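Student: The structure that follows is given in the form of structure tokens.
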Amino acid sequence: MKILVTGAAGFIGMHVAERLLARGDEVVGIDNLNSYYDPALKEARLARLTPHANFRFEKMDIADAAPLMLLFAKEKFDAVINLAAQAGVRYSLENPRAYVASNLTGFVNVLEACRQYPVRHLVYASSSSVYGANQKVPFSESDSVDHPVSLYAATKKSNELMAHTYSHLFNISTTGLRFFTVYGPWGRPDMAYWSFTKKILAGETIPVFNHGQLRRDFTYIDDIVEGIIQVLDRPATPDAEFDRLAPQPATSFAPYRVFNIGNHNPVPLMTFIETLEKVLGKVANKEFLSMQPGDVEATYADTERLQQLCGFAPSTSLEDGLMRFAKWYENYNIS
Ligand SMILES: NC(=O)c1ccc[n+]([C@@H]2O[C@H](COP(=O)([O-])OP(=O)(O)OC[C@H]3O[C@@H](n4cnc5c(N)ncnc54)[C@H](O)[C@@H]3O)[C@@H](O)[C@H]2O)c1
């Protein structure tokens with residue numbers, strides 16, 4: 001297959017592209033290489049992909065419709081994996097417009113391009129943050145997701161709504177994946193596992209928000225990639241059982257669906273810190289702080305539907321995953 005991966009210089013995008021190339025697909029990657037975090041890391045990720053004969057990269061912003069349309073016209077993609085987005089919850093309080101540009105305008109452009117140049121399947125990144133401050137756990141795709149607590153979450157929920165209209169109006173097969181705290185080698189410097197590692201190794205103090213009373217469903221990158229690939233190969237089809245008198249949120253009369261993709265094993269923040277300390281062989285200096293605005297107390301994925309679809313069964317323990325991250329981190333030096 002010829003597949004477009006948007007956000008290919010990003011953490012998940014690079015791993016997905018690598019995996020597609022390894023199985024023989026042709027991959028076109030696009031990314032605007034923005035400076036939300038060190039672009040040198042994005043360049044270094046790309047440097048792993050560019051030697052592959054079946055990989056091509058174009059620097060492009062999905063918020064810019066014309067070049068994206070030209071690319072679709074030229075390439076005639078079989079499938080699209082849309083991972084390009086402005087990520088991060090906290091930054092959406094400081095720079096909301098970046099989220100509107102990449103996650104709303106950019107996503108509409110991707111949908112429009114799929115409308116004009118049909119693809120077999122559009123798989124796109126949603127997020128566990130759509131569950132907002134819900135306290136019913138595990139989070140199920142049948143839960144209400146109408147109470148986001150950050151603009152980031154609101155844009156991800158909007159992506160699901162936009163995808164549904166395009167699936168319905170233009171018969172585009174779409175699958176949204178709600179990722180739960182993805183971590184691993186080549187990860188993201190703005191996320192806690194990275195910043196904690198950096199601070200612990202430097203002997204600096206780590207901020208422990210909500211006095212440690214947080215839980216996260218940490219999901220290792222290889223498990224996420226496996227899920228994305230399995231989903232990609234199974235385009236969404238209309239749900240024959242869909243009942244318009246009792247509509248379920250995550251499926252439809254249109255070729256549309258949404259899945260959680262997470263570890264189904266939430267870890268208390270203090271356990272996470274202890275595991276990281278063990279892996280790094282160093283005890284952290286901790287400063288206990290209150291809850292941050294936009295943050296949620298717990299994330300916990302119900303992954304039964306994804307398991308039924310494709311046998312999704314994440315297999316990496318937090319300790320193994322952090323060990324692999326730390327080993328990579330210690331060998332990787334960015335300026
Ligand atoms: N990592 C996680 O824990 C997590 C959790 C939930 C959802 N997600 C979602 O998964 C996707 C991938 O996340 P990631 O962790 O790899 O983040 P990332 O920031 O490493 O990757 C996103 C990439 O998209 C690029 N990009 C941003 N805006 C763009 C635009 N307008 N045009 C072209 N490229 C653009 C960035 O330069 C970056 O390289 C994102 O949509 C993110 O919101 C990630």
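A short reminder: the numbers here are calculations on the coordinates, not readings from a lab. Predicted model, so just to flag it, every value in this text is computed and none were measured. Heads up, the Cβs are rebuilt from the backbone with ideal geometry, glycines too, and the neighbour counts pull from every protein chain shown.
Student: Quick check: residue separation of Ser317 and Met270 times 0.36 nm, minus the Cα distance between them. What number comes out in nm? Present the calculation step by step, with values, prior to reporting the outcome.
Tutor: Working: separation 47, 0.36 × 47 = 16.92 nm, distance 1.61 nm.
Stretched fully, the Ser317-Met270 segment lengthens by 15.3 nm.
Student: Through the Karplus equation 6.51 cos²θ - 1.76 cosθ + 1.60, θ set to phi - 60°, convert the phi angles of segment 86-103 into ³J(HN,Hα) values in whole Hz; use x for Gly and Pro.
Tutor: Running phi through 6.51 cos²θ - 1.76 cosθ + 1.60 with θ = phi - 60° gives 7, 8, x, 7, 5, 5, 6, 7, 8, 9, x, 5, 4, 6, 5, 5, 7, 8 Hz.
Student: Which ³J(HN,Hα) values, rounded to whole Hz and listed in residue order, are derived for segment 284-294 from phi using the Karplus coefficients 6.51, -1.76 and 1.60 in 6.51 cos²θ - 1.76 cosθ + 1.60 with θ = phi - 60°, glycine and proline given as x?
Tutor: Each residue's phi maps through the Karplus curve to give 7, 7, 10, 10, 8, 10, 7, 4, 8, x, x Hz.
Student: State the Cα centre-to-centre distance between segment 72-108 and segment 22-69 in whole Å.
Tutor: Answer, in whole Å: 14.
Student: May I ask you to sort Thr6, Thr105, Thr251 by Cβ crowding, counting other Cβ atoms within 10 Å and putting the fewest first?
Tutor: Lowest count first: Thr105, Thr251, Thr6.
Student: Next question, about the same structure. Cα convex hull of segment 212-258: how many Å³ per residue?
Tutor: Details: hull volume 4.6 nm³, N = 47.
Residue-normalised Cα hull volume stands at 97 Å³.
Student: Explain nothing, just the number: relative contact order of segment 1-64, from Cα pairs under 8 Å at least 6 residues apart, as a whole percent.
Tutor: Normalised by residue count, the contact order of segment 1-64 is 37 percent.
Student: Glu330 label point, 7 Å along Cα→Cβ, cut-off 14 Å on backbone N: hits in segment 283-306?
Tutor: 283
Student: Regarding segment 278-335, what's the average projected area of the Cα-atom convex hull, expressed in nm²? Let's see the in-between values first.
Tutor: Working: hull surface 29.5 nm².
So the Cα hull casts an average projection of 7.4 nm².
Student: Can I ask one more? Scan segment 278-335 for trypsin sites (Lys or Arg not before Pro) in coil per DSSP, keeping those whose Cβ has at most 14 other Cβ atoms within 10 Å, and list them by number.
Tutor: Here the sparse-neighbourhood loop sites are Lys282.
Student: Quick one: the Cα spread of segment 116-194 along its three principal axes, in angstroms, biggest first?
Tutor: Ordered largest first, segment 116-194 gives principal extents of 40, 32, 22 Å.
Student: Got a sec? Which residues in segment 275-292 would a label at Glu204 touch, if it sits 7 Å along Cα→Cβ and we count backbone N under 15 Å?
Tutor: Correct set: 284-287.
Student: If you don't mind, there's one more thing I want to ask. Using mean Cβ contacts within 10 Å as the protection proxy, how do 306-314, 117-125, 235-243 order, highest first?
Tutor: Taking the mean over residues of other Cβ atoms within 10 Å, the ranking is 117-125, 306-314, 235-243.
Student: Here is a follow-up. Would you calculate, for the chain, the mean residue ellipticity at 222 nm contributed by helices, counting each DSSP H stretch of 4 or more residues as -39,500 (n - 2.57) and dividing by all residues, to the nearest 500? Mind dumping the intermediate values first?
Tutor: Details: 12 runs with 129 residues, N = 335.
Taken over the chain, the calculation gives -11500 deg cm²/dmol.
Student: In whole Hz and in residue order, list the ³J(HN,Hα) couplings for segment 301-309 that follow from phi through the Karplus curve 6.51 cos²θ - 1.76 cosθ + 1.60, θ = phi - 60°; x for Gly and Pro.
Tutor: 8, 8, 10, 4, 5, 5, 5, 5, 5
Student: While we're here: Compute the distance in nm between two label points, each set 7 Å from the Cα along the Cα-to-Cβ direction, one at Ala44 and one at Lys2.
Tutor: 3.3 nm
Student: Please identify the helices of the chain, taking whole runs of DSSP H, that span at least 24 Å along their own axis as judged from the Cα atoms and have a mean Kyte-Doolittle score of 1.6 or higher.
Tutor: TM-like helix candidates: nothing returned.
Student: Under a point spin-label approximation (7 Å from Cα along Cα-to-Cβ), what is the Leu70-Arg23 distance to one decimal in nm?
Tutor: 3.2 nm
Student: On to the next question. Based on Cβ point charges of +1 for Lys and Arg and -1 for Asp and Glu, what charge dipole magnitude is obtained for the chain about its Cα centre, in debye rounded to the nearest 20? Numbers along the way, then the final one.
Tutor: On the way: 32 positive and 37 negative charges, 85 e Å.
For this selection, approximately 400 debye.
Student: Another question about this same structure. If amide hydrogens are placed 1.01 Å from N in the peptide plane, which non-local residues have theirs closer than 5 Å to the one on Ser252?
Tutor: When sequence neighbours closer than 5 places are left aside, the close amide H contacts are Asp239.
Student: Also: Stretch Arg244-Leu289 to full length: gain in nm at 0.36 nm per residue minus the Cα-Cα span?
Tutor: Here the answer is 11.6 nm.
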